[in-house]
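The values are calculated or read from the model by the stated rules, or taken from the named source; none is laboratory data. This structure is a prediction, so every number in the text was calculated from the model and none was measured. Cβ placement follows ideal geometry from the backbone for every residue including glycine, while neighbour counts extend to all protein chains displayed.
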Amino acid sequence: MKTRLFVRSLNFAALLFLIVLVMCQASVFAQTGDVAAMTDHPSNGAADHGALNNVQIRFDDDLYKLIPVLHEGRIKPLGSFARHIKHNIMGDQDDAISFLNKAIFNPAQAAMDHPDEFSENAQVLRSFSMILPLSITYNDQENVNFLMLKAKIPEIEEEIRQIIKDKGGNPENYSEEELKKVGLGYNLQKITQSGAQNALFKVIPVEWAENKKLAAPWQLINDGLGSPKARENLDLWADLANAYRHGDHDLWAQNVRKIYDNSIAHLGISPLRLQLEIRYIETNPYLWVILLLGASLFFMGAARLRPWRGFEYGALISAGGAALALLATIGLRIFILQRPPVGTLYESILFVALLCALAGVVLYRSLRLKGLGTGVFAGFSLLVLAPNILQNPDSLGVLSAVLNTNFWLATHVLVITAGYALCILTALAAHLYLYHAGGKTRSIADQLTLGDKVYNLSLISLLLTAVGTILGGIWADQSWGRFWGWDPKENGALLIVLWLVWIEHGRITGKLKPLMFQALSACLTIIVALAWFGVNLLSTGLHSYGFIDGIAYGLAGFCTLQLIVIAALYIRAYRSNQ
Amino acid sequence: MKLNLLIFAVFVAFGMGLTYWLGAGGVKTVEKSAQIEKSLAAQQQANSSAPQAGQMPAFSFTALDGAQIHTNDLKGKILIVNFWATWCPPCVKEFPLLLETAKAYDRDVVLIALSSDFKDDALMRFVGKMRAEYPDAMRGDNVLIAKDENQAITNGIFNTFKLPETVITDQNHNMVNKFIGADWDMDDMKSVLAQVLHN
């Protein structure tokens, strides 16, 4: 009977999980199409129309999204670059490819559509200003571009000098032809100046640069990085711009293929990493994980209302699924970025959420739903709060130079963030203990088990945070030449260790009563919040890569709320125990 | 306690595994990277004249003396293709160095100086001045000066805009180096040519 119930529950949970997966996957495919299968064909994604003629043609082919771009110190797919640009300028990432296309191939229209947004971000508009047609006629030649006229600049300047010499500086004295010449000279000078520092859209393969990677079109001119091959690629982009502006999708697709092939061959990289990055950002595993953890909490709530094993297994399977999804997410990031997983604040949140979800599954064995709920709730809360803590969305960024040392990242940072995770679990388990200790129908045996678990978790937390802090000192010694500098981040780590040492000793010596030990363990949420995020607000010290701002009030509110909750739970439990 | 130790061991193993998987090699990183640098330097030395920017596209031009030249006719010679103009001061400053190079390596090197001048008289005046100041070098048949009409070669083929630029090829006309600007001296040029000749 029991086995049948278990199998039915398992089937029910599996079916539910499958439905969620299929729904998510379907929505993703509806937006993007399959990268691997559709590389030669226009995708069925969001429409991006040729802006000049309103032809209903899409210019967001999957292969186009995969064109390598050198941005923020690493090679990333164009689709990822486009999302970064769209977010920087417009504050969102919707239909980023269409936005980027318009900005680079039809900048006048883009600037007209979003004058305020582009006034501060004009660089992207000028990415290809040397190859886009100018609305002028030169020597009866139409559709001339800056590159065609660049060679003529010295000659035009000489002619303008002669005009000024002959007729002075007042344009009223000039003939119509002379005015045109002076106007042309002025415009060419403006275009030259506007492109002088433009190094944003690095997509042209170059051989002469030290790293032999990719350069922005203006760098070919300004930095002397041009070569026959660079010229060939620049011409391909000019044809691409032409295809976009005339709504010619066949020409577009041909050029996308050539540009993609040339770039991949030049860089000698596997396209797999680019494909996976596009897949990663379009699938948005972060949302999947939140959904799964949310489902797990829902099942736990349902199990509490109606004690049926099916709900319990549903909660367990959802939590396991979330942990697996997080593991896959972190693994994918390691592969895409070719570095250890915990290098940014965002990644530390992912890692801590993974450990919380895993710990929840492990704790289910001894504490059933209490253990599972503690881990799942911690992971879920972190992931839901993360977008409010981090100002910018994840851009799979490269690391600060000081962090780019694999050995220390793989030890110090992993150990210390694992310590954070265990501290949060300890604190939540302690909350649970206090809550049940104040309840009327509490079971003494359950209380003892939970109390022991809190103690065990706090010991593991102490071990990890202490070892992590010492490893951090060794890393600091190697990176900065000193073991300890009383830096806010270092002090934050030390604060957790001292807090844990204090409560452990208090418990061992009997100076802290069990209830007080639990209350002080519950306060670890506050200590960790201050050490993990709070010290970053100070914007001082050597850990500048982690600085954030704008969450001071939120953090203060969280700490106050926690203090009130813990105090209330403690007083309730204390009275109940009297 | 056993469980605690097990968890810690798993973390340490994970960290170590990750470190080795990512190729950092743990504490041997410094030693390893020094070895890699050494072997890369050796490899670079060995391949220093290997094509770095591919085969130079063949092109033809008319020298100032009216001779029609095609670069394929110059196979077997190292080419120094200089993009310059008389209105470009660094180009004018650098020109004697190029002539000196052509004279010093007259058996192995051909200097092709493609001018982006738009005025013939300015170009001819400058060439006349060079003939007077460097008669030996300018008399050599390995110095080819031409006006690049509409910068068809300079911009159209080589995508060169920042004058002066100088592309150096090996004997098979693989492009092996490029001097951007006039910030180079005879030692730099000799070093590049020595490597090309050595290989």
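Is there any pair linking a residue in region B:113-124 that is facing another protein chain (nearest Cβ under 9 Å) and small (Gly, Ala, Ser) to one that is assigned to a helix (DSSP H, G or I) and surrounded by fewer than 20 Cβ atoms within 10 Å (Cβ to Cβ), with Cβ under 8 Å and at least six apart or on different chains, and which? Listed by first residue and then by second, the contacts come to B:SER116/A:PRO154.
The set of residues in region A:474-493 being surrounded by fewer than 18 Cβ atoms within 10 Å (Cβ to Cβ) and in a helix (DSSP H, G or I) consists of A:ILE474, A:ASP477, A:GLN478, A:SER479, A:TRP480, A:ASN491. Tally the residues that are farther than 13 Å from A:LYS152 by Cβ, at the interface with chain A (Cβ under 7 Å from one of its Cβ atoms) and among the hydrophobic types (A, V, I, L, M, F, W, C), restricting the search to region B:147-167. Here the count works out to 2. Within region A:384-420, if we keep just the residues that are within 14 Å of chain B (Cβ to nearest Cβ), buried (at least 16 other Cβ atoms within 10 Å of the Cβ) and not in a helix (DSSP H, G or I), the residue that is modelled with the lowest pLDDT turns out to be A:LEU399.
Every residue, every condition in (1) basic (Lys, Arg); (2) surrounded by 18 or more Cβ atoms within 10 Å (Cβ to Cβ); (3) touching a Lys or Arg at 6+ places or on another chain (Cβ under 8 Å), yes or no:
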residue: A:SER270; (1), (2), (3): no, no, no
residue: A:VAL289; (1), (2), (3): no, yes, no
residue: A:ALA302; (1), (2), (3): no, no, no
residue: A:ARG306; (1), (2), (3): yes, no, no
residue: A:ILE317; (1), (2), (3): no, yes, no
residue: A:ALA323; (1), (2), (3): no, yes, no
residue: A:LEU326; (1), (2), (3): no, yes, no
residue: A:ILE330; (1), (2), (3): no, yes, no
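Scanning region B:88-144 for residues being modelled with pLDDT of 90 or more and either aromatic (Phe, Trp, Tyr) or on the phi > 0 side of the Ramachandran plot (or both) gives a total of 4. Report, by residue number, each residue of region A:117-151 that is within 14 Å of chain B (Cβ to nearest Cβ), out of contact with any Pro (no Cβ under 8 Å at 6 or more places or on another chain) and free of Cβ contacts under 8 Å to residues at least 12 places away in the same chain. Across region A:117-151, the qualifying residues are A:ASN139, A:GLN141, A:MET148, A:ALA151. Scanning region A:247-263 for residues that are away from chain B (no Cβ under 14 Å), in a helix (DSSP H, G or I) and of a type outside the set (Val, Ile, Thr) yields A:HIS249, A:ASP250, A:LEU251, A:TRP252, A:ALA253, A:GLN254, A:ASN255, A:ARG257, A:LYS258, A:TYR260, A:ASP261, A:SER263. Examine region A:264-279 for a residue that is acidic (Asp, Glu), in a helix (DSSP H, G or I) and out of contact with any helix residue (DSSP H, G or I) (no Cβ under 9 Å at 6 or more places or on another chain), and state whether such a residue exists. No, there is no match, as no residue in region A:264-279 is acidic (Asp, Glu), in a helix (DSSP H, G or I) and out of contact with any helix residue (DSSP H, G or I) (no Cβ under 9 Å at 6 or more places or on another chain). May I ask you to verify whether A:MET148 is more than 30 Å from A:ASN88 (Cα to Cα) and assigned to a helix (DSSP H, G or I)? Yes, satisfied.
Just for region A:421-441: of the residues that are more than 14 Å from chain B (Cβ to nearest Cβ) and of a type in the set (A, V, I, L, M), which one is farthest from the chain's Cα centre (by Cα)? Checking each candidate, the answer is A:ALA437.
Answer yes if at least one residue in region A:223-242 is polar (S, T, N, Q) and in contact with a Lys or Arg (Cβ under 7 Å, 6 or more places away or on another chain), and no otherwise.
To start, the set of residues in region A:223-242 that are polar (S, T, N, Q) comprises A:227, A:233, A:242.
Now restrict to residues that are in contact with a Lys or Arg (Cβ under 7 Å, 6 or more places away or on another chain): none.
Taking every residue of region A:223-242 in turn, none turns out to be polar (S, T, N, Q) and in contact with a Lys or Arg (Cβ under 7 Å, 6 or more places away or on another chain).
Filtering region A:232-285 to residues that are among the polar types (S, T, N, Q) and touching a strand residue (DSSP E or B) at 6+ places or on another chain (Cβ under 7 Å) leaves A:ASN233, A:ASN262, A:SER263. Against the conditions (1) buried (at least 18 other Cβ atoms within 10 Å of the Cβ); (2) out of contact with any helix residue (DSSP H, G or I) (no Cβ under 6 Å at 6 or more places or on another chain); (3) of a type outside the set (Gly, Ala, Ser), A:ASP235 satisfies every one except (1). Taking residues in region A:223-246 that are more than 7 Å from chain B (Cβ to nearest Cβ) and more than 23 Å from B:GLY181 (Cα to Cα), and partners anywhere that are acidic (Asp, Glu) and assigned to a helix (DSSP H, G or I), not one pair has Cβ atoms closer than 7 Å while being at least 6 places apart or on different chains. Of all the numbered requirements in (1) within 15 Å of B:SER115 (Cβ to Cβ); (2) more than 9 Å from chain A (Cβ to nearest Cβ); (3) within 14 Å of the chain's Cα centre (by Cα), B:MET130 misses one, and that requirement is (3).
Checked against (1) under 24 Å from A:ILE389 (Cα atoms); (2) touching a strand residue (DSSP E or B) at 6+ places or on another chain (Cβ under 9 Å), A:GLY343 passes all but a single condition, namely (2). In the set (1) within 12 Å of chain B (Cβ to nearest Cβ); (2) within 18 Å of A:ILE104 (Cβ to Cβ), A:LEU214 fails one condition alone, (1). If you go through region A:201-230 and keep only what is modelled with pLDDT of 85 or more and at positive phi, you end up with just A:GLY224. Of the residues contained in region A:182-194, none is found to be in contact with a helix residue (DSSP H, G or I) (Cβ under 6 Å, 6 or more places away or on another chain), crowded, with 18+ Cβ neighbours inside 10 Å, of a type outside the set (A, V, I, L, M) and more than 30 Å from A:GLY168 (Cα to Cα).
Scanning region A:153-196 for residues that are in contact (Cβ under 8 Å) with a residue 12 or more places away in the chain and assigned to a loop (DSSP other than H, G, I, E, B) yields A:GLY195, A:ALA196.
All told, A:LEU462 falls short of being away from every other protein chain (no Cβ under 14 Å), modelled with pLDDT of 95 or more and over 27 Å from A:ARG575 (Cβ atoms).
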